[in-house]
Structure formats: C-alpha cells, structure tokens
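Peer 1: Sharing a structure below in structure tokens format, with a few things to ask.
The values are calculated or read from the model by the stated rules, or taken from the named source; none is laboratory data. The structure presented is a predicted model; accordingly, all values stated were derived computationally and were not measured. In this analysis, Cβ positions are derived from the backbone assuming ideal geometry, glycine residues included, and neighbour counts consider all displayed protein chains.
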Amino acid sequence: MFRDIYVTFHGFLQNFGAMCLFLARLVQYTPSVLIKRYSLVTYQVYNAGALSIVIIMVSGLFVGGVLGLQAYSNLERFNAEDTTGIFAGFALIKEIGPVITALLFAGRAGTSLASEIGLMKATDQLSAMEMMAVDPLRYVAVPRFLGGVISMPLLTAVFTTVGLLGAHLVAVELLGVDVGAYWQQLQSALDMEDVYEGIIKSVVFGIIASLMAVWEGYNSVPTAEGVGRATTRTVVITAIAVLVFDFMITAWIL
Amino acid sequence: MLCYARFRDRLGSLTNGSGKLPDKIIEVRDVDFSRGNRTIFRNLNLTIERGQVTAIMGPSGTGKTTLLQLITRQLRPDRGQVLVDGVDIATLSQAQLYQLRQRFGVLFQNGALLTDMSVFENVAFPIREHTRLPDSLIRHVVLTKLHAVGLRGAADLMPSQLSGGMARRVALARAIAMDPDILLYDEPFVGLDPISMGVIVKLVGQLNDALDITSIVVSHDVHDVAAVADFSYVIADGDVAASGTPEELRNTSSELVKQFMHGLPDGPVGFHYDAPDYAEQLLGTRSDSR
C-alpha cells in the first residue's frame, strides 16, 4: 500500500514538474508570439472569449438573480433589504464572478481547446508542423494559452456586470428595493481593493484554466479515448484548482 | 541563420570543399531502439543513396514508420547514429534540426492536413512560415505545386471536402512546397482506390525525377512499391532481412522475404500472435487462462 502511495505521489510530482516546465516554455515564447503571430492570438481571444459571451451573460443574469433573491429574503428579516446591492456586489465581484466564470470557461472554451489540440495530435497535424520546421508550441499552444489568459478577465467583467444587473432586476424591479439605495449602498461600500481582488483572481484563474486545457490537449494520448479523457481531465482539474486557488488567494488577501 | 551557416559549414567540411555531396544521403548506423520492453531495432544498418527511390518494406508492426521517425529525429535511437549528409542528427540543436527539416518533405499516412485551413493555405503554410515572399509569388508557387498533383482546381476546398486520395495528393503538394532534397512517404498507398493509388505511384516516380530529389517510401504494398523503387529494404525482427532491387528481392532464397513478397498467409511470420496452448486455454487448465 505504501508503495502504491509512493508511486502515485512520484507520478504526480513528475507530472507537476513537467507541467511547470511547459508553462515556463509558454511564457518564454509569449513575447515572440505576441509580436510575430498576434493575429493568431487575436483569433484565439475571439475563439475562447467572444464565443463564450452568450453562456457567460445568460449564466451571469441568473446567478445575479438568485443572489438578489437570496439577499433580499434574508436581509428583509432585519429590515436591511436596502443593502441587497452590497451583498450581491461583494459576492459577484470578489468571489462568484471570477470562480463561476472560470468554471464556465473550463466547460466551454477549455474543453474546446483541449479536444482541438488533442485531435490535432491524433491526426498527426502537430507532427506535420514539426516536420515543416514549425514549432507547434509556438504556433498552436502559445496563442491558445494567451487567448484564454486575455479572455478570462474580460469574461469575468461581463459576468459580474450582467450579474449585478440580474440582481437589480430581481431586487429592484420585482421585489421593490429602492433603485437609489441599491446602487448607492454598493458604491459607498465597495473599495478598489475589492475590485482588485476580483481582477487578481480572474487573471490567476485564466492562467490555470488555459494552462490545463493546453497541457491536457498537448499531452493527450492520440486516440479517441485519449482525447476524451484529456477533455474530461481539463474540466475536473481546472475546477478543483480554481477552488483551491480561490481559497488561497482569499486567505492571502484577507 | 547563424545556426544554418554552421550546419552548412559542417556540411562543407564533409564535401572537402569540392561542393559534391556524398552519395549516401542518409546512413543508419548500428541503431538500437526499444519501446518499453519491446525491441524494435537491434543493430540496424542501412543507407539511402542520393537521387534514388528507396523502399522500406516489411510486415506490419516491424517498425517502418518508427524508422522514418528516427531519420527525421522525431525519435532518438537508444544507441547508434543516424547521419544525414554525414552529419549525426542527434548532435543538432533545435534550431539546426529545424533548418535540416526544411530539406525534408514528409507525406504522412493520413495526410495530416491542417483542418482549419483551405487546400491553398495548407500548401502555402510552410512557404509563409519560412520565407518572406509576397502573396502574389506565393500564389504562383502554390498553384504550381497543386498543378503538379492535379488539384489546382481544388485550391479553395477545405480538407473535410476532399476524398482520401485527394487529401494525400494535397499533402504531397505541401510536402514539396519548399522544394525539399528528401521526400519521405509513410504508407502512401494505404486505403486508396486503384485509380488514386495509380496516381500516387506515378507521382512518386515523376517527382523524384523532375525535382531531382531522394525519395524514401515506407510501405507494405509490395507490387506498387516495386513499380517505382530503385532499391528496397525488407525489415523484419528488428533488422534488415533483405535488400536489393525489386527484381533481386523477388528471386530471393530467404523464406521470410519470399513469404512477404508473395503474400503467403503462413511462414516464418506466423498467422497466430504468440499465445498459450490452444487446448489448455480452452479447457481452462492454465492458471492464467481467460
């Protein structure tokens, strides 16, 4: 049993080390890719970011609505329903916005990236690039990684904004909270530090989600089963890593 | 460019400054290669002559594609050397290797076309990546290459709109886009109808002569390869089982080569994969039987 634990732990460390080296190479190639292949990066921002906007907005609207409902029903007991805006705003900007956006991003864009790269590997497209003396890491992996990293904070901003509007819709338009109180309370309670916390989290989660997608796709077993497994692992590992890092960043900031 | 200059210098020293390159364009010397516990090659030696069409043949699973991957350094041997124009490719840096690979054209078994690009863009891809030619000139080059494989009219199609044979021909056009010195074909005839196969066979010979290049064709399709190959190697059991012209191989005394060349169902290469005793396994008397 101890041997199994040792083997598992050893494998995990090996995999983690290889992934860190992979990240280092992505970062190393980033400046040259941004200069020479910016059009590929732009396309990947569109692919990972713009194409995820609908799911992000719809989710943001309903998550905001739920927050508005929960906040109102609990705060009403203390005659504090005017502070619904603060409750929804803090939750969305500091926690729920970055976390749920990252989870949705992993489900929509992360799986798409992992399966796309995995299929390119399975159909020898990456090998073909290598044989044409084109480094697939620079041509395929880095633009997709950067596309995800750039998209995540933007998507988080969209999610949070639509979430606040969703909470407004429920709390103000449906439940009768005063519109002035909703926005004024939120504005006076919120500091820039709270916004920075959300931005830091969205950037870190963007790096995690994009790295996992690109890493899993790039290292997938080149079979149908291997690509499927890589796609599943992308979502599972990203979700766990995002929640762990969310706790760590929150603990660090508080 | 500095790396390439160094590579050319090393190449220059091999030609004694005469500018004439050695006749052996590729040498595989004493190569051992294993995957896990399975030995693929044991002390493999072979040479590829410049300007010829050389066929690498052998039963399935003998490592023909692995040999191509060793020649292009997609894999590294456990022992031994692979020399291209006398240079051990294991000693090349990443930049030097990529310079060398610009001299290779590879036709993959399934074509390996980039699925998000049109036929035109697939052929233009290596040219755009490695040159600064204007678009008008790239267009001329691409259309010339597509014309050579008979698919100039398919330039605007996407890979998903092509048949297997057409995809293979587009991949061939892409492989010759940079005017390579060495063209490697990995099972170019697999899964093709007789007409497409005939077209590819014809192209292999035509391109080799017209472009004055060296071609290596990995295949187990004995008859079609024999039609174009100047020289052939038959690989089996991790080593070269026989070599010679197609005619010499047909008249060989080796039982294994005879079985392979004449497509006999049984012989040195058994019909059955290694298995425990049939009766014992059926009766379940073996402790490890399923």
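Peer 1: Scan segment A:190-219 for residues that are part of a helix (DSSP H, G or I), touching a Gly at 6+ places or on another chain (Cβ under 9 Å) and under 30 Å from A:Gly85 (Cβ atoms) and jot them down. If you could, list the steps in order and put the result at the bottom.
Peer 2: First pass over segment A:190-219, keeping only residues part of a helix (DSSP H, G or I): A:192-218.
Filter once more, keeping what is touching a Gly at 6+ places or on another chain (Cβ under 9 Å): A:194, A:198, A:201-202, A:206-207, A:209-214, A:216-218.
Within segment A:190-219, A:Asp194, A:Gly198, A:Lys201, A:Ser202, A:Gly206, A:Ala209 meet the criteria.
Peer 1: Let me ask you something else. Which residues, taken from segment A:127-145, are within 9 Å of chain B (Cβ to nearest Cβ), out of contact with any strand residue (DSSP E or B) (no Cβ under 9 Å at 6 or more places or on another chain) and part of a helix (DSSP H, G or I)? Show your work before the answer.
Peer 2: Here is the first cut: in segment A:127-145, the residues within 9 Å of chain B (Cβ to nearest Cβ) are A:127-135, A:139.
When the remaining residues are screened for being out of contact with any strand residue (DSSP E or B) (no Cβ under 9 Å at 6 or more places or on another chain), the result is A:129-130, A:134-135, A:139.
A:Met129, A:Glu130, A:Tyr139, listed by residue number.
Peer 1: Could I ask something else about it? Go through A:Thr156, A:Thr84 for me and flag whichever is at pLDDT below 90 and surrounded by 24 or more Cβ atoms within 10 Å (Cβ to Cβ).
Peer 2: Details: A:Thr156 fails: at pLDDT below 90.
Testing whether each residue is at pLDDT below 90 and surrounded by 24 or more Cβ atoms within 10 Å (Cβ to Cβ) leaves just A:Thr84.
Peer 1: Quick one: what pairs do we get from segment A:4-19, first residue farther than 18 Å from A:Ala241 by Cα, second surrounded by 10 or more Cβ atoms within 10 Å (Cβ to Cβ) and among the acidic types (Asp, Glu), C-beta under 8 Å, 6+ apart or different chains?
Peer 2: none
Peer 1: Looking at A:Gly148, A:Gly107, can you tell me which residue is away from chain B (no Cβ under 14 Å) and crowded, with 20+ Cβ neighbours inside 10 Å?
Peer 2: When all the criteria are applied, what remains is A:Gly148.
Peer 1: For B:Gln99, which of the numbered conditions (1) out of contact with any Leu (no Cβ under 7 Å at 6 or more places or on another chain); (2) outside any helix (DSSP H, G or I); (3) closer than 23 Å to B:Asp23 by Cβ; (4) not β-branched (Val, Ile, Thr) fails to hold?
Peer 2: Among (1) out of contact with any Leu (no Cβ under 7 Å at 6 or more places or on another chain); (2) outside any helix (DSSP H, G or I); (3) closer than 23 Å to B:Asp23 by Cβ; (4) not β-branched (Val, Ile, Thr), the lone unmet condition for B:Gln99 is (2).
Peer 1: Suppose we keep only residues that are closer than 22 Å to B:Ile216 by Cα and free of Cβ contacts under 8 Å to residues at least 24 places away in the same chain within segment B:87-96. Which one would you say is farthest from the other protein chains (Cβ to nearest Cβ)?
Peer 2: Ranking the candidates gives B:Asp88 first.
Peer 1: Moving to a separate point now. Mind listing whichever residues of segment A:220-246 are crowded, with 18+ Cβ neighbours inside 10 Å and assigned to a loop (DSSP other than H, G, I, E, B)?
Peer 2: Answer for segment A:220-246, where residues must be crowded, with 18+ Cβ neighbours inside 10 Å and assigned to a loop (DSSP other than H, G, I, E, B): just A:Ser220.
Peer 1: What single numbered condition from (1) assigned to a helix (DSSP H, G or I); (2) surrounded by 20 or more Cβ atoms within 10 Å (Cβ to Cβ); (3) touching a residue at least 60 places away in the same chain (Cβ under 8 Å); (4) more than 11 Å from every other protein chain (Cβ to nearest Cβ) fails to hold for A:Thr161?
Peer 2: The failed condition is (2).
Peer 1: Here's another thing I want to ask about it. Hey, among B:Thr91, B:Thr39, B:Thr66, B:Thr47, which residue is closer than 24 Å to A:Leu126 by Cβ and of a type in the set (S, T, N, Q)?
Peer 2: B:Thr66
Peer 1: Inspect all residues belonging to segment B:68-85 and state whether any of them is among the polar types (S, T, N, Q), assigned to a helix (DSSP H, G or I) and at the interface with chain A (Cβ under 10 Å from one of its Cβ atoms).
Peer 2: yes
Peer 1: Taking the conditions exactly as written (under 17 Å from the mean Cα position of the chain (by Cα), free of Cβ contacts under 8 Å to residues at least 60 places away in the same chain and within 13 Å of chain A (Cβ to nearest Cβ)), does B:Val201 satisfy them or not?
Peer 2: No.
Peer 1: Among the residues in segment A:121-144, are any touching a residue at least 24 places away in the same chain (Cβ under 8 Å), within 14 Å of the chain's Cα centre (by Cα) and over 30 Å from B:Leu184 (Cβ atoms)?
Peer 2: No: segment A:121-144 contains no residue that is touching a residue at least 24 places away in the same chain (Cβ under 8 Å), within 14 Å of the chain's Cα centre (by Cα) and over 30 Å from B:Leu184 (Cβ atoms).
Peer 1: Is there a residue being out of contact with any strand residue (DSSP E or B) (no Cβ under 9 Å at 6 or more places or on another chain), part of a helix (DSSP H, G or I), under 30 Å from A:Thr223 (Cβ atoms) and in contact (Cβ under 8 Å) with a residue 12 or more places away in the chain anywhere in segment A:62-85?
Peer 2: no
Peer 1: Same structure, new question: Hey, any hits in segment A:168-177 for a residue that's surrounded by fewer than 24 Cβ atoms within 10 Å (Cβ to Cβ), within 14 Å of another protein chain (Cβ to nearest Cβ) and either touching a Gly at 6+ places or on another chain (Cβ under 7 Å) or assigned to a helix (DSSP H, G or I) (or both)?
Peer 2: no
Peer 1: Sticking with this one: Looking only at segment B:76-117, filter to residues that are hydrophobic (A, V, I, L, M, F, W, C) and surrounded by fewer than 17 Cβ atoms within 10 Å (Cβ to Cβ); which one of those is farthest from A:Pro136 (Cα to Cα)?
Peer 2: Ranking the qualifying residues of segment B:76-117, first place goes to B:Ala90.
Peer 1: Find all pairs meeting these conditions: Cβ atoms under 9 angstrom apart; at least six residues apart or on different chains; first residue within segment B:133-158 and acidic (Asp, Glu); second residue in a loop (DSSP other than H, G, I, E, B).
Peer 2: Partner pairs satisfying both residue conditions: B:Asp156/B:Ser118.
Peer 1: Something else: Out of all the residues in segment B:181-193, is one or more in contact with a His (Cβ under 8 Å, 6 or more places away or on another chain) and either in a helix (DSSP H, G or I) or surrounded by 15 or more Cβ atoms within 10 Å (Cβ to Cβ) (or both)?
Peer 2: Looking through segment B:181-193, at least one residue is in contact with a His (Cβ under 8 Å, 6 or more places away or on another chain) and either in a helix (DSSP H, G or I) or surrounded by 15 or more Cβ atoms within 10 Å (Cβ to Cβ) (or both).
Peer 1: Moving to a separate point now. Report yes if some residue within segment B:97-120 is of a type in the set (Asp, Glu) and within 14 Å of another protein chain (Cβ to nearest Cβ); otherwise report no. Show your work before the answer.
Peer 2: Let us first name the residues in segment B:97-120 that are of a type in the set (Asp, Glu), namely B:116.
Okay, now just the ones that are also within 14 Å of another protein chain (Cβ to nearest Cβ), so B:116.
Checked segment B:97-120: at least one residue is of a type in the set (Asp, Glu) and within 14 Å of another protein chain (Cβ to nearest Cβ).
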